[in-house]
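Q: Below is a structure I'd like to ask you about.
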Amino acid sequence: MSCFKSLRPANRIWSRLFLCQTRGYVERDPRAIKMGDLMFEPEYNRHMPDDGKTPFVNLNKMLNVVEADFDKESLKQFMQRKIDVNDIAEQRVDAKTKEKIGKDLAAAYVVVKSGGRIQFAGMDRWIEKKGSHIPLPNHNIPNLKLQVADLTGSSIRYEGLAFLEGTSIKMLILRDCQYIDDFCLSRLYKISNTLEFLDISGCTLVTDNGLAALCKLRNLKGLRINDLPNAGNKALIAAYLLDENPELNVLGVDLPLDHDKEMPETSPEESGQYSDSSTNSSNKPPT
Amino acid sequence: MGKFFKESISKMFSLKEEIPRSTDLVIVGGGLVGSAVAFFVAHKQTNREREIMVIERDPMYTTASSSLSAGGIRHQFSVTENVQMSMFTTKFLRNIKFFLGLIDQPPPDVQFNHQGYLFLATPEKAEKLEELVKMQKYLGAEVEMFSAEMLKQRFPWLNIDGIEAGSLGLNGEGWFDPHSLLAALKQRNIGLGVRYIDAEVIGFTKKLSAPETIGNQYVLASVISRDTDGDMFETNCHQVVNCAGPWAGQIGELAGMGTETGALSIPLPVVPRKRFIYAYHCHNGPGISTPLTVDITGTYFRREGLGGMYICGASPESEEEEPSIENLDVDYEFFNEKIWPRLAHRIPAFENIKLKSAWAGYYDYNVWDQNLIIGPHPVITNFLLANGMSGHGLQQSICVGNAISEMILNADTYTVDLSRFNFDRIIRREKILEDFIV
């Protein structure tokens, strides 16, 4: 086709990639080019009427370019970036909706939309997404309090955790969430007044510093921290958290029964990199 | 055959790489600020259109302020741009995997501790502190005011004698390892094509870019540097960015600031000032939730690691008490007489401590108003300044790098508007003063 000659030179690279498996783009747009799993879609000019033909200008835009290396790793990075941006957009609730339906219900929407399930105060059944239908009311219900949020295996992110603000969640399950990291755990301070149980097992991005940030949850009564491969000192940090919050129950670590009294009586300088904060076993040190 | 091959290979690798004869952007100083500038320009530009060269004379960063820093980051400032700059840095660190992560490798770990900063206030200053906290919250910082009783409840180790209130950063504040960030930046920069040159800048060549009749305007035409073997090289360049930290004043002088008449007669008011950090151990010290606490006397301390270690420091109270900058030797008398008594008063557990080690580093101290100087020089038009952060370099480096990249690449958009901090304010004798200096 002669219009290809005036397109940008051959050393420029493709950019617009869409995964088309779940969307069925072939039926919707016959002009799109399908290459295996990837679909190159022409960019529509929204201001011009679409009469089904492929004008010269649109074909030019079809080869929309970005300066990216065209190899497997950077394509993977490019796709991951698209997923990140998409997730963050989906996990947001705008202020107008929040005002209309109230903070607790807006939070419930975010959780359920991300694939999690919730319980309100006073109910004992889980509410979760059925297919793509979200069984939640879309008007404000007074005195509706979100009490439990279970985000096991979801792709909730730091920006998505904004739903916590203004809620009174008592139990939060963030099990096997691959995008939950130390910064997300620091952000949990927003529900520190009401949060009583937290489960962050299996979140691979969490490190020791993230566990240390849980000191902000001052009313926490239960914490489950199984399977945290990047948190090497979780037993020690659990001991420190217990120093400050004696009512805390930590599951998933091997704590000595009385962590205070069973530590060896060596001075901290000799015992290496980390050591207990007290060597006198007579009284519990005030912190 | 094998032996000959090995010998010739070793000869190839012992050949010295020459400093390039020409480049587009020269960055003087390869610390956090210089590497951040290089990173943002390289990251945002299209198709490697600019060749970037970072000249650093201390490639192992043995005396670099970047590595010797206490590593704190806070959003509690009284100047709004300072708040925004630190928040930008926190956001960058939160998304460090996207910016500095290499493909299929674990993201760079800067060991960010999220415990925040605690500023204590006397009854006289409490009202002012509350206003400032309101301003910071308006800008999006997650900071909260606490009364003395609430502080005592939350931090039982604190002696609230003489304290009326305090402000605590609840999210996004804390401390981290600056050298990890520097290493990650440098690694990513090298991957993006930035050249790091182990040399010292010893001069520039200037040429007139505007006629003498309407007021001289210069451009820096080339950079003269001397490498570790003593050989001198001249590199033609289009733009130069001064990221020399404490030594920025000397680089400014080499570029002509403080030498001629008119606007060029004003030198860059950045000098090195030595500051000490002391590391000590305490049994039964404050626990894991301890923030980096800044006392009313200006003394600060924070937890270091999980083994009962803490670090502390303070700025001298007056110009006369400023330590000599000749070397990085530590003054232990300063700790014994000024810091320890005040710490022990504020935190009674610190009456029994054991001093383990100490080190010193330089602040890039802006003698004019202790705030950032950023932007092109009015007369030397291709000479960009990014200096004078006076102890806040770590927190502001990322945003400063971004701001300089915006000035270089697209001069009309800003993430954080830093035009107030231009060198012009020095010429006009205006000060931007920051209340929360540590």
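The values are calculated or read from the model by the stated rules, or taken from the named source; none is laboratory data. Predicted model only: the values in this text are computed from it and were never measured. Every residue, glycine as well, gets a Cβ built from its backbone with ideal geometry; the counts of neighbours run over all protein chains shown.
Here is a yes/no grid of residues against (1) over 22 Å from the mean Cα position of the chain (by Cα); (2) loosely packed, with under 15 Cβ neighbours inside 10 Å:
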residue: B:S315; (1), (2): no, no
residue: B:P323; (1), (2): no, no
residue: B:V330; (1), (2): no, no
residue: B:F334; (1), (2): yes, no
residue: B:I339; (1), (2): yes, no
residue: B:R342; (1), (2): yes, no
residue: B:H345; (1), (2): yes, no
residue: B:A349; (1), (2): yes, no
residue: B:L355; (1), (2): yes, yes
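Q: Looking at the stretch A:221-235, which of the residues that are within 14 Å of another protein chain (Cβ to nearest Cβ) and of a type outside the set (A, V, I, L, M, F, W, C) is surrounded by the fewest Cβ atoms within 10 Å (Cβ to Cβ)?
A: Among those that are within 14 Å of another protein chain (Cβ to nearest Cβ) and of a type outside the set (A, V, I, L, M, F, W, C), it is A:P229.
Q: Okay, next question. Which of the residues that make up the stretch B:205-250 are over 20 Å from B:R195 (Cα atoms) and aromatic (F, W, Y)?
A: Those that are over 20 Å from B:R195 (Cα atoms) and aromatic (F, W, Y): B:Y218, B:W247.
Q: Follow-up. For the stretch B:411-424, what are the residues that are surrounded by fewer than 18 Cβ atoms within 10 Å (Cβ to Cβ) and touching a Phe, Trp or Tyr at 6+ places or on another chain (Cβ under 9 Å)?
A: Correct list: B:T415 only.
Q: A further question follows. Which condition does A:C184 not pass, out of (1) within 12 Å of chain B (Cβ to nearest Cβ); (2) under 25 Å from B:G307 (Cβ atoms), if it passes all the others?
A: (2)
Q: Restricting attention to the stretch B:45-70, and to residues there that are of a type in the set (D, E) and away from every other protein chain (no Cβ under 14 Å), which single residue is surrounded by the fewest Cβ atoms within 10 Å (Cβ to Cβ)?
A: Within the stretch B:45-70, the match that is surrounded by the fewest Cβ atoms within 10 Å (Cβ to Cβ) is B:D58.
Q: Look at A:Y240 and say whether it is within 20 Å of the chain's Cα centre (by Cα), of a type in the set (F, W, Y) and within 12 Å of another protein chain (Cβ to nearest Cβ).
A: So A:Y240 does not fit the description; no.
Q: Taking B:I103 and the conditions (1) modelled with pLDDT of 95 or more; (2) closer than 30 Å to B:V37 by Cβ, which numbered condition does it fall short on, given that it satisfies the others?
A: (1)
Q: With (1) in contact with a Cys (Cβ under 8 Å, 6 or more places away or on another chain); (2) among the aliphatic types (A, V, I, L, M); (3) under 28 Å from B:Y117 (Cβ atoms) as the list, and B:V223 as the residue in question, which single condition is left unmet?
A: Here B:V223 meets the rest and fails (3).
Q: So if I check each of B:I398, B:I408, which one is more than 12 Å from the chain's Cα centre (by Cα), crowded, with 19+ Cβ neighbours inside 10 Å and either more than 30 Å from B:R342 (Cα to Cα) or modelled with pLDDT of 95 or more (or both)?
A: Checking each option against the conditions leaves just B:I408.
Q: Further question on the same structure: Answer with yes or no whether B:A279 is at pLDDT below 95, hydrophobic (A, V, I, L, M, F, W, C) and outside any loop (DSSP other than H, G, I, E, B).
A: no
Q: Mind checking whether some residue in the stretch A:149-158 is touching a helix residue (DSSP H, G or I) at 6+ places or on another chain (Cβ under 9 Å) and more than 24 Å from B:F98 (Cβ to Cβ)?
A: Yes, that holds for at least one residue.
Q: Is it true that B:G388 is surrounded by 16 or more Cβ atoms within 10 Å (Cβ to Cβ), of a type in the set (G, A, S) and within 14 Å of another protein chain (Cβ to nearest Cβ)?
A: no
Q: Does B:G307 satisfy being surrounded by 17 or more Cβ atoms within 10 Å (Cβ to Cβ) and touching a His at 6+ places or on another chain (Cβ under 9 Å)?
A: Taking the combined requirement at face value, the residue satisfies it.
Q: Regarding the stretch A:135-144, can at least one residue be identified that is part of a strand (DSSP E or B) and either more than 19 Å from the chain's Cα centre (by Cα) or outside the structural domain of A:S201 (by TED's automatic domain parsing) (or both)?
A: Looking for residues that are part of a strand (DSSP E or B) and either more than 19 Å from the chain's Cα centre (by Cα) or outside the structural domain of A:S201 (by TED's automatic domain parsing) (or both), one finds none in the stretch A:135-144, hence no.
Q: Say we look at the stretch A:189-210 and pick out the residues that are of a type outside the set (S, T, Y) and within 9 Å of chain B (Cβ to nearest Cβ); which of these is surrounded by the most Cβ atoms within 10 Å (Cβ to Cβ)?
A: Across the stretch A:189-210, the extreme among qualifying residues is A:G210.
Q: Across the stretch A:215-241, which residue is farthest from B:Q115 (Cα to Cα) among those that are among the charged types (D, E, K, R) and outside any helix (DSSP H, G or I)?
A: A:D227
Let's see how each residue does on (1) within 29 Å of the chain's Cα centre (by Cα); (2) within 14 Å of chain A (Cβ to nearest Cβ); (3) among the β-branched types (V, I, T):
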{"residue": "B:M145", "(1), (2), (3)": "yes, no, no"}
{"residue": "B:L151", "(1), (2), (3)": "no, yes, no"}
{"residue": "B:W157", "(1), (2), (3)": "no, yes, no"}
{"residue": "B:G162", "(1), (2), (3)": "no, no, no"}
{"residue": "B:G174", "(1), (2), (3)": "yes, yes, no"}
{"residue": "B:L181", "(1), (2), (3)": "yes, no, no"}
{"residue": "B:G191", "(1), (2), (3)": "yes, yes, no"}
{"residue": "B:I197", "(1), (2), (3)": "yes, no, yes"}
{"residue": "B:F204", "(1), (2), (3)": "yes, no, no"}
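Conditions (1) in contact (Cβ under 8 Å) with a residue 40 or more places away in the chain; (2) under 26 Å from B:H75 (Cβ atoms); (3) of a type outside the set (S, T, Y); (4) not in a loop (DSSP other than H, G, I, E, B), marked per residue:
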position: B:S357; (1), (2), (3), (4): yes, no, no, yes
position: B:G375; (1), (2), (3), (4): yes, yes, yes, yes
position: B:P378; (1), (2), (3), (4): yes, no, yes, no
position: B:L385; (1), (2), (3), (4): yes, yes, yes, yes
position: B:S390; (1), (2), (3), (4): yes, yes, no, no
position: B:Q396; (1), (2), (3), (4): yes, yes, yes, yes
position: B:N402; (1), (2), (3), (4): yes, yes, yes, yes
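Q: Next question. Working only within the stretch B:218-251, note down all residues that are of a type in the set (F, W, Y) and surrounded by fewer than 16 Cβ atoms within 10 Å (Cβ to Cβ).
A: None - no residue of the stretch B:218-251 is of a type in the set (F, W, Y) and surrounded by fewer than 16 Cβ atoms within 10 Å (Cβ to Cβ), so the list stays empty.
Q: How many residues does the stretch B:295-334 hold that are in contact with a Leu (Cβ under 7 Å, 6 or more places away or on another chain) and either within 14 Å of chain A (Cβ to nearest Cβ) or in contact (Cβ under 8 Å) with a residue 40 or more places away in the chain (or both)?
A: Qualifying residue count, the stretch B:295-334: 7.
Q: While we're here: Go through A:K98, A:K113, A:K129 for me and flag whichever is of a type in the set (K, R), over 16 Å from A:D199 (Cβ atoms), more than 14 Å from every other protein chain (Cβ to nearest Cβ) and without any contact (Cβ under 8 Å) to a residue 12 or more places away in the chain.
A: Selected residue: A:K98, the only one of A:K98, A:K113, A:K129 that is of a type in the set (K, R), over 16 Å from A:D199 (Cβ atoms), more than 14 Å from every other protein chain (Cβ to nearest Cβ) and without any contact (Cβ under 8 Å) to a residue 12 or more places away in the chain.
Q: Within the stretch A:89-128, restricting attention to residues that are under 18 Å from A:C177 (Cα atoms) and of a type in the set (D, E, K, R), which residue is farthest from the chain's Cα centre (by Cα)?
A: A:E128
Q: Is it the case, given these coordinates, that B:I374 is in contact with a strand residue (DSSP E or B) (Cβ under 7 Å, 6 or more places away or on another chain) and closer than 27 Å to B:P316 by Cα?
A: yes
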